[in-house]
Every structure is written in structure tokens, then in C-alpha cells.
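Here is the structure we will look at.
The values are calculated or read from the model by the stated rules, or taken from the named source; none is laboratory data. Small disclaimer: the values here were computed from a predicted structure and weren't measured. Every residue, glycine among them, receives a Cβ derived from its backbone with ideal geometry; neighbour counts consider all protein chains shown.
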Amino acid sequence: MNLKSTTSSISDFFYARPKLKYYLPQALTIFFIVFIFGYFSYNAQVNMDNRGIDFGLRFLGEESSFDIQFTPFVEYDGTKSYATAYLVGLINTIIVASIGIFFATILGVVIGISRLSPNYLIAKMSEIYIEIFRNVPLLLQLFFWYFAVLRALPLPKDAINFFNLDVSFLSIKGLYVPRFIWTNGSLFLTSIIASIIVIFFLFKFFKKEQEQTGKQYPKFFISLAIIIVLPLLTFLIGGVSLDFEYPELKQLSATIFNFQGGISIIPELMALALALSLYTATFIAENVRAGIEGITRGQKEAAASIGLTPGQTLKLVVMPQALRIIIPPTTNQYLNLTKNSSLAAAIAYPDLVLVFAGTALMQTGRAIEIISITMLSYLSLSITISIFMNWYNKKIAIKEK
Amino acid sequence: MLKYLKQLTSLVAVIAVLFAFTTESMAAKKSKTLKNTIKKGFVRCGVSQGLPGFSNADASGNWTGVDVDVCRAVAAAVLGDASKVKFTPLSAKERFTALIAGEIDILSRNTTWTLSRDADIGLTFVGVNFYDGQGFMVRKSSGITSTSDFKSGLSACVNIGTTTELNMRDFFTANGITYEPVVFEKADEVVAAYDSGRCDTYTTDKSGLAAQRTKLSNPDDHIVLPETISKEPLGPVVRQGDAVWEDIVRWSLNVMIEAEEYGITSANADAMKTSENPQIKRLVGAEGELGAALGLDNDWSLRIIKQVGNYGESYKRNIADTGILPTRGPNELWTKGGLLYVPPAR
Amino acid sequence: MIENLNFLGKPSKDKLNLFVSMGIFLFLLGIIDLILNSFFETNITSILPRWLNYFTPLLFSFIGLHYIRIELSGIKILDQLNKNINSNWFNAILSLLVIFVLIKTIPGLLNWLFFDANFIGNTKEECTGDGACWLFIRFWITRFMYGLYPDAEIWRINVAFLMLIGTVITAFFVGPKIKKYIIIFLLFIFPFIAINLISGGNFGLVWVETGAWGGLSLTFIVSIFAMLFCFPIGMFLALGRRSSYPVVKYASIGFIEFWRGVPLITVLFMASVMFPMFLPDEVFMDKLVRVIIAITLFEAAYMAEVIRGGLQALPKGQYDASKSLGMGYWRMHLLIILPQALKITIPGLANTFIALFKDTPLILVVGLLELIGMIDMAKANPYWLGFAIEGYVFAGAVYWVFCFSMSRYSLSLEKKYKTDR
């Protein structure tokens, strides 16, 4: 029996039994998956029994007894539970990811547009930037910023004082900015929200008016006026006031100085945000460039032929179409940035991986539970962004026959 | 199709049962570790990534240190040659998981013996080879001479996942000082951060402070503060569940200490075979059947003393003579006022 | 305000020489002022108040450029320049800023990199200059390349890599028939040879345990092995995802989305910390093997997406035509679909490999010392403290060279295959 007749007899066998052909591979797949999982769980159980470890999530309620360096928004110290530590780590991850996404987008768009500039110098500089920062691994860039650059900053005693204003300082221990202290801050916030809502409805009204009567209102100035005047009123009448708490140099000993007061941004956060932004900006720049270049010239020429200025062309014709091409890969880059923020484990930034899969793992030894929880957290973040991306893709997709 | 399903289920059941049996039987064997070590021909020892005096590799890759000597003692006892050790440098983070996973068989990495580590993560501490305490290191120029000079706002560099991290917190909270912990994974990174000025103080076991000070750019600019804020009994660790291996490692260490108690050194060990003292004779294997109880031949203790030396020799060679800690402190025999009191090998 | 500069009249063609000469003069004046300010500490405009001094170079050059901005002057070079750099005042300022930044930074950078740097010597004391101490790199270069591999056995790594490079190069220059044999050799026989060479233990070679492998060679070993194995797995996953069997489809989707949704660091932790618990006590898998398996599975998910893109790009007609010829699923895919799809995805494959190569430094987090790990170890050596920047610049340069060449190559591949269809 040679191979050909064997394979043909097998396919004949299955051809005559379509139901079997449909169910057998699936049953085999299920069997295979169950087998693998069963094998792993069984071994894990046996191993843990041998070592006297038990499996469970009870440890989450135990006292963590370690402190975390950077805990905005959450009251945390060593007496709180591991679950609180997890929360702090998660929030820190979200913080650095948000900062990274914000700056990466701005920088990426600027560089992407510069890459297309007719000015040879600007275009070349953008290209060099993209080529350099894209081809060096992110970990190396992170190490460079943290160990080489931010370590070279001066000690607090000789901190860099921006414009000699004594308002904000930069030293090896971090960036210090004044803290905003609001009285009746919620009133201020509601005034801003109220002005935004007013502007939104006003825009709708303007648009309707323009469509019906062709009359154009100075939208920009009116909205600017509203958003300035309303909050200002709260200051003058509403009793809202703003104080600043300035960072002050305090002497802890003969040579140890530190800044007290104000908000401190630790150098680990700065290095991570910097490296993530610079690295991801290159990919976003390439996406922006591909998006704008993907708009056929015919569009730009047609827009010019009906009398639109280059600025209007960009705003009304090119960008809306380009966005369709730009946004999906850019959302992918945001996802990558969030995942890359886990590199914080390599420098001392207390994000989810360092706090939970690092310190907590070391202290409790519960590898399986902790790593599973960490992976599930990142998975949830990714899936959320993916769902949004798919929804957006479907919404703006050009319906093809 | 139902027929096939039934056959499949029975197949699954048979395979599952087979696996259950084989793994069960494999797990029930005694001292796999000893068998594997003899089979491999070397002891797998987990050490630090470079701590002078405890476990440090020189440029040609030779490891020396008191922790290294513990592993060498086990190698001498089990394999007959103290050089048959494979050293795996581990960070504080991966040390326990490497041991649990079976990557190493002994963790000799100045690890502090605590309840949670002993009971909760499937490991067993088999002794203390260095009694220590946690301390702080600061720059001389800072003018701080004692921990009572610490003020709120301090930043402290520490290694991740160590008892140091927890003790530091206890200490600062007890004294009402707010501080900023800066945690790194590798000891080298911690030292570098402290050296650059990122943190104002560096804290770990005092022996570690003394050892790492040699790695700073200007060792003389730094001092170790006199206060000791915790107990840090450092010792070797093995996996739970292998009682024979535990005993081997435990008694290898004990023999080294007891040898010093009885004045047996690597130089005079052979001569001691003709000693009057029965305990000395037991320690050099001239009397008794101590080796058989551990599954080893009777010369196991003699080999340890001859090839590695007794505890005092190891300490002197690695810690005292290199200038790290010239005096023994609590690491002295109980007969001389220290804490080294081990059960007798008999 | 800009119109006020026109006190000589608008720059126009008739007074060409006047404007051009004045423009060039002012422009150069601005540049010279900047150079004097930055490097020679002199200031030709010291009579002006201090805050104005910062701006004098900018001012001079800007006015100069303004005068040069003559439309259709007739001089070809001038027109090119104007259209390009000088089209309006905003562009002029941007160009000037770029030129000034370059002037200020490049000499310092070159100085540090080359002119003040030390290249010759063997000990730390010979690093006397202000520039980079490349001695540090030279001293440690063997460790950076080969990790902690024993010196006497380094020839084995060299032989393995030379064999690989040699085979790949010959594969370019021979006919398709021999190429097939070479590919089979590379995929199936070469891994065996390489593992035996580098790991040793058989055929009289000294056994070197994987903990000693390191440096750039480890980076390549991990990347190449992961790439080799993630390709077939990715292909099966892509096919599975497009399968009509719901179980297979959803299992593939679950698998792919799982690996794509988690960061590589957690995957590495899982491999080094969690995975050993899933194996029975007797079985011990080397850490490097576990890490390579983890990276392979991780990249296979991305590879699956790339291949799926290729499969989707094929027109449905191909599927219909093969089915109408009576081909079954496997025959259709093996003979018709996959060859075409893979050709489309070759640039994507190259990109995945580049991404994989850039991801390998992460293995230093689990204790495998590749290039950056070795540099960290070298710079912590008490004798050689303080050379972090040189180390990282060197590593950055090495990675940059490889990644840049690979991305250029993949771009050329893209162009080549675009015209093929």
C-alpha cells in the first residue's frame, strides 16, 4: 500500500460518513485540550501536595507588610491587604499607560506630519528620529533613560530650578511640581462640565442654523468665551479658590536634602513614560504617514478645485478619510504600549508586575495564583481595547460588495 | 458515532489512570535528590549574583564564600570531591522558585529563616550558617551617625522580595518616619542607585552592607550605622519533602561547626583519627556508623573537614581575612560566647 | 512686522544681486555668531542686553533668509533652496532651529564618540580623556558576544553560526532543486548539529550548561529557534482560525487572543516560575528550553495573525477553483493556497522576526544573560564601575545595525513581491 492509496482510502472513508468527518476532529481537539489541562493540573496538585503548599486565593486578604513608593489615589501602607496592593499596581499601570498614550499620540502625529513636509530638513530629521527609535529595543531605551540619563541629574540640593521661579524642581529624586489645593473644587468642576454641555448644544444649534439659513456663527470665539467666563464666575462669585503648595527643600541631615510638599513625580515613572512615548510615537508616526499618503491625490486636487484652502482641505477632506486608515493600527499601538508598560519590572516603578508578580509573589510564594491573576488583568485590558477596536472598525468600514 | 465516543472515553480513562500511577509512584521514591545528584555527578547550588564573602565569582569563574563552602561541604560528603558543584547565580526574586522548580537542590544564598518561608512556600531551612541583623548604610558626609538621626522624607534603596523590605517598613513605622522605598530586583542595581544618590540610605543585612561596600565607587565615603533593627539568621534552604537530603545538608553544616568546637582543622583532620576523644573520632569517621544513617559512606565528615575546612577556617578565609568583617561577632562558638551551638553528631 | 523688514523694498528679482548678497551675508553672520557663542565663548553682540543675545543668531539668519526669498530668481540652486527650506517664514524658522540644534549638538557628540575617546589600551587607567571609554567594550567584548561560555570552547559557537550563514548564503545562489534540499537541511538537520555543537556532551565535546550561554550569541540562538518553530505552529493556528469546525475555530481564537493579550514579561515569568510546577517531579526542563518554548508560543500567535492576513488577501476565486478541481482541504491548502499566501506574507514574516529580535532582551528579566544582561554584569564589576553610557551606546548600536538592515531588507522584499502579482 503506498501513500497515495492510503490517503485516498482514508478520504473515501470520511467522505462516506459526513457526520463523523464533522465531529471527529472536534472531539479530538477537545480531548487533546482536556488532556493537556488535566495533565498540568494533576502534576501541579501532586507537586504542591509534596511541598505542603495549598492553592487558593485566601492570601489576598492577608496583610502585605510592604510599602509601595508611588501610590496616588489609593491610601496604601503595609497594613493593607494584598488585594489593595494589587489595586495600587493596577492603577499605577493605568497611569503610566495613559501618560504614555497621550504623549505618544501627540508626538507621533507631529512627527508623522513632519515626515511629509516639503521642507527637506524637517522631513529628514523626522525620518532619522523614526529610524533610530524604532530599531533599538524598548528595554534598552528604558535602561538608557533611567540608568544613564536620569541618574545623571543633580542631587536635590542643586536641583534644576526651572526659570529660577522656585516653583518646580528637577533632581535625581524626581520632578516636583506644585500641588493644586482647591476649596469648593467640585463647583469648579461642575461649571466646566456645564459649559461643555452648553457648547455641545450650541454647536448643534449652529449647525442646524447653518444648514437652514447658511448663516455662520463665530463658533470658536463663542465657545472660548463660554469656557472661560463660566469657570471664572465660580472663582469670583462661587467661592472657589486655588492655592498652591510649593515644594520646599528640607534638610534631613548635613548633606541629605529632600523636597517636601507639592507633587513628586518619581524618576522611574518619568523614564518609563519617556521611553514608552518615544518608542510608540515612531509607530504612530508611520501609521499617520501611511494614512495621509493613502488618500489619493485626486481627493486633494478635487478639494482644491472647489476652492478649499490647504488648511480646510486637511481638516474637512483628508483627515476624516485618513483617520479611517490611521486609527485601527494606532489602537493596536496603544495596546502594545499598555503591554510594554510591564517593563516597569526592570526598573523600580511599582506597576502591576513589579508589585504583584514581584514583591507579593516573593513574599507569598504563590506563583500559580499570582501569575494567573496578572495575566488575566492584562488580558482583560487587551480584550477591552480589542472589542472597542472591532466595533470601531465595523462602524467605519466601507461597505464592499 | 456514539460507539466511537464510548471508546474514546474509556481510552481517556485508561491513560489518566496510567499517569496517576506513574506520577504517584515517582513521587513516592525516597531522596530523589540524592539519587539525581550522584547520577549527575555534581551538586546544584543556588548562590547570589556576587556578594563578596558569601558567594562571589572571580574573573576566571571560581566561586568563593561561606555560602559556597556549605555547598562544597555537601559535595565533599556526597560525591567525594568538594569541587563538584555547579553554581547558579540567582536574584532575590527567582531564588525560591528556582529551588521549588528543581533547578537547584540547595539554596545557599544568605537567606533569612522566617516562619512564612519555612511553612508556607514548600521549603525547609536546614540550619543557620550566619547570624546577622539588618542595618543601614549612609554616606559619611551626611552627618548621620545613628538611626535616631533619620528624619521623615528619607528615601531608602532595598532589594525586592526580601525580609529587608518588610523589616524596613516595620522600623520606620515604629519610629514614625515617612520614607520612600525604592525597590530593585538585582542587588547591583540597588547599590548603584544608592551610590548615585537616588536614595539616601541602603539597607540590607549588615554582612551584606559590609560586602557591598567594597563595590561602591568610594567605599571609604560610607559608614554602616551601629543599630541593628532585626534578627536575620541566614542559612541554607532545601525543598520540602526530601527528608534524607535535608538531613545530609543539615549535618554537613553542623559537622563543620562542631569540628571547630573540637579543634579539628583541615590540616590536622587525618591526625585526629588517633585522638583520645570519642566524639572527635566520630567526627573524622574513625568510629561509629554515622554515614550509613545518612546514606553515605563513613568518611563523609572527614572529607568535609579536609576539603573545605571547619567553620572557623571558612569564615576566616572568606570574611575575616578579606576585611569584610574582621571579628566574628555572634558567629562564634557558644563556648566562646557566640551563638553557634549545634546538635552533636552522634 | 515681517513687512517692516522690507525697508529695502520687497526682495525681488530686479535687485537680485543686492538681496542675495545681503541675505547670504546675514545668514552666515547668524551662524558664525552661534558658533562663537557656543564654542568660543565670545560674543560679537555683547553690547546688547543679555536676553537679546540668545536670539541674535536667530534674528540675523532669519533676516538673511527673508532677503534670499526671491520668487523665481532664475538661479536654479536658489530656487530649489527657497522652495524647500525657505518657502515661508514659518518654514524658515523651523529650518533655522534644526540647523542650530545640529550645530550645537553634533560637534559635542562627535567629540565624545570619536575624538576624545580612548580606543587603545587594556586597563581602566588608560581611559584618560573626556570622551567615551571604548576600552571597556574592548576588554569585555568576548563576554558580550559569548556570555559566560568557557573561552576554550568558543570555536564551537563560531562554527555553528558560520555553518548557518554559509548555508543561507549558498541557498541564495543555487538553483531551486538544490534549494529545496538546503531548506530541508536547515529546518531539520541543522538544529541537531547546532545543539550538539553548542551544548556539547556528545562526540567528545565538553558539556556547557545553558546557564553559561549568553551575550549576542544567545540573542541569535533564541531568535532563530523561536522563529523556526513558531512558523509551523502559527500556520496551523491561522488555518484553525479559518476552519469551519466551531471547536477548532474557537480553540484557535482563544489561543491566539490569549497569547496576544498578555505582555511578554508575564509569559516569561510563567515559563520560569509557573511552568515547572506543571511538570512531574522527575522531569526537569532546562530554563532556556522553557523560555524558548514560551517565546515560540507567544510569537506563533502574532505569526498566525500575519498568515491569516495573507490567507484573507487571496481572492475567493482561488478557493473556488481548487474545490471545483475536486481538491480536498489539505491538498488545496498545500498546493494552491499556502504557497500564494505565504508569498504575500513574507514582509509580515520579516517584521515579526524583527519584533522577535527586539523582544529577546527581555529574557534578562528571568536570568538569561544576553547582550544587555552581560553589559549590566560588566558595568557592575567593581573595577569597571561607571561606564553605563558606553555599554548602552554599544548595545544600542549593535541592535540598531541589525534591526535597521533587517527592516531595509524586508522593505526591499515588500517592493519585490508587490510587483510580482
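Remarks
- Test: residue in the stretch B:200-223 that is facing chain A (nearest Cβ under 8 Å) and not polar (S, T, N, Q): yes
- Test result for A:Thr29, within 24 Å of B:Thr163 (Cα to Cα) and of a type outside the set (Phe, Trp, Tyr): no
- Of the helices (runs of 4 or more DSSP H) lying entirely inside the stretch B:268-328, the ones with 2 or more residues being aliphatic (A, V, I, L, M) and surrounded by fewer than 17 Cβ atoms within 10 Å (Cβ to Cβ) are found at B:290-294.
- Scanning the stretch A:109-134 for residues that are more than 9 Å from chain C (Cβ to nearest Cβ), within 21 Å of A:Ala275 (Cα to Cα) and surrounded by fewer than 16 Cβ atoms within 10 Å (Cβ to Cβ) turns up A:Val110, A:Glu127, A:Ile128.
- In the stretch B:84-118, the residues that are among the polar types (S, T, N, Q), part of a loop (DSSP other than H, G, I, E, B) and under 21 Å from C:Thr210 (Cβ atoms): B:Ser91
- Of the residues making up the stretch B:78-102, those that are within 28 Å of A:Leu361 (Cβ to Cβ) and of a type in the set (Gly, Ala, Ser) number 5.
- Options A:Ile226, A:Ile222: the member that is at pLDDT below 85, among the β-branched types (Val, Ile, Thr), surrounded by 14 or more Cβ atoms within 10 Å (Cβ to Cβ) and over 30 Å from A:Phe244 (Cα atoms): A:Ile222
- Taking the stretch A:72-101 as the range and being free of Cβ contacts under 8 Å to residues at least 24 places away in the same chain and away from every other protein chain (no Cβ under 13 Å) as the test, the residues that pass are A:Pro72, A:Phe73, A:Val74, A:Glu75, A:Ser81, A:Ala83, A:Thr84, A:Leu87, A:Ile91, A:Ile94, A:Ser98.
- Residue in the stretch C:202-209 that is assigned to a helix (DSSP H, G or I) and either touching a helix residue (DSSP H, G or I) at 6+ places or on another chain (Cβ under 7 Å) or crowded, with 22+ Cβ neighbours inside 10 Å (or both) present: no
- Filtered residues of the stretch A:41-71 (kept if aliphatic (A, V, I, L, M), under 24 Å from B:Gly102 (Cα atoms) and more than 9 Å from chain B (Cβ to nearest Cβ)): A:Ala44
- For the stretch B:149-169, the candidate set comprises residues that are in contact (Cβ under 8 Å) with a residue 12 or more places away in the chain, over 21 Å from the mean Cα position of the chain (by Cα) and part of a helix (DSSP H, G or I); within that set, the residue that is nearest to the other protein chains (Cβ to nearest Cβ) is B:Arg169.
- Checked against the criterion of being touching a residue at least 60 places away in the same chain (Cβ under 8 Å) and crowded, with 19+ Cβ neighbours inside 10 Å, the candidates B:Ile223, B:Ile264, B:Ile248 yield just one match: B:Ile248.
- Residue check, A:Phe169 at the interface with chain C (Cβ under 10 Å from one of its Cβ atoms), of a type outside the set (D, E, K, R) and buried (at least 19 other Cβ atoms within 10 Å of the Cβ): no
- Failed criterion for C:Ala301 (all others in (1) within 14 Å of chain B (Cβ to nearest Cβ); (2) part of a helix (DSSP H, G or I) hold): (1)
- Test: residue in the stretch A:116-123 that is over 23 Å from C:Glu370 (Cα atoms), modelled with pLDDT under 90 and polar (S, T, N, Q): yes
- Within the stretch C:380-421, if we keep just the residues that are at pLDDT below 85 and within 9 Å of chain A (Cβ to nearest Cβ), the residue that is farthest from A:Arg134 (Cα to Cα) turns out to be C:Ala388.
- The one condition in (1) modelled with pLDDT of 80 or more; (2) of a type in the set (A, V, I, L, M); (3) within 30 Å of A:Tyr349 (Cα to Cα) that A:Val74 fails to fulfil: (1)
- Unique residue being in contact with a Cys (Cβ under 7 Å, 6 or more places away or on another chain) and not polar (S, T, N, Q) when the list is C:Glu257, C:Glu299, C:Glu305: C:Glu299
- Residues that are at the interface with chain B (Cβ under 7 Å from one of its Cβ atoms) and in a helix (DSSP H, G or I), drawn from the stretch A:345-363: A:Gly358, A:Thr359, A:Met362, A:Gln363
- Total residues in the stretch B:186-243, condition closer than 17 Å to B:Asp132 by Cβ, of a type in the set (Lys, Arg) and not in a loop (DSSP other than H, G, I, E, B): 2
- Pairs meeting the criteria (first residue in the stretch A:245-262 and without any contact (Cβ under 8 Å) to a residue 60 or more places away in the chain and assigned to a loop (DSSP other than H, G, I, E, B), second residue crowded, with 16+ Cβ neighbours inside 10 Å and of a type in the set (A, V, I, L, M), beta carbons under 6 Å, at least 6 apart or on different chains) are A:Ser253/B:Ile144.
- The residues listed here are C:Phe278, C:Phe255, C:Phe225; of these, the one that is in contact with a Pro (Cβ under 8 Å, 6 or more places away or on another chain) and surrounded by fewer than 22 Cβ atoms within 10 Å (Cβ to Cβ) is C:Phe225.
- Evaluation of B:Val138 against the conditions (1) part of a strand (DSSP E or B); (2) facing chain A (nearest Cβ under 7 Å) shows that the sole unmet condition is (2).
- Enumeration of residues in the stretch C:357-370 that are at the interface with another protein chain (Cβ under 9 Å from one of its Cβ atoms) and under 17 Å from the mean Cα position of the chain (by Cα): C:Phe357, C:Lys358, C:Asp359, C:Thr360, C:Pro361, C:Leu362
- Here A:Tyr86 meets the list (1) in a helix (DSSP H, G or I); (2) out of contact with any Phe, Trp or Tyr (no Cβ under 8 Å at 6 or more places or on another chain); (3) not aliphatic (A, V, I, L, M) almost entirely, failing just condition (2).
- Strands (runs of 3 or more DSSP E) fully within the stretch A:118-184 counting 3 or more residues that are closer than 28 Å to B:Cys199 by Cβ: A:169-171, A:174-177
- Residue match in the stretch B:179-195 (condition: within 7 Å of chain A (Cβ to nearest Cβ), hydroxyl-bearing (Ser, Thr, Tyr) and within 30 Å of C:Ala378 (Cβ to Cβ)): no
- Qualifying positions in the stretch B:63-101 - within 13 Å of another protein chain (Cβ to nearest Cβ) and not aliphatic (A, V, I, L, M): B:Trp63, B:Lys86, B:Phe87, B:Thr88, B:Pro89, B:Ser91, B:Lys93, B:Glu94, B:Arg95, B:Phe96, B:Thr97
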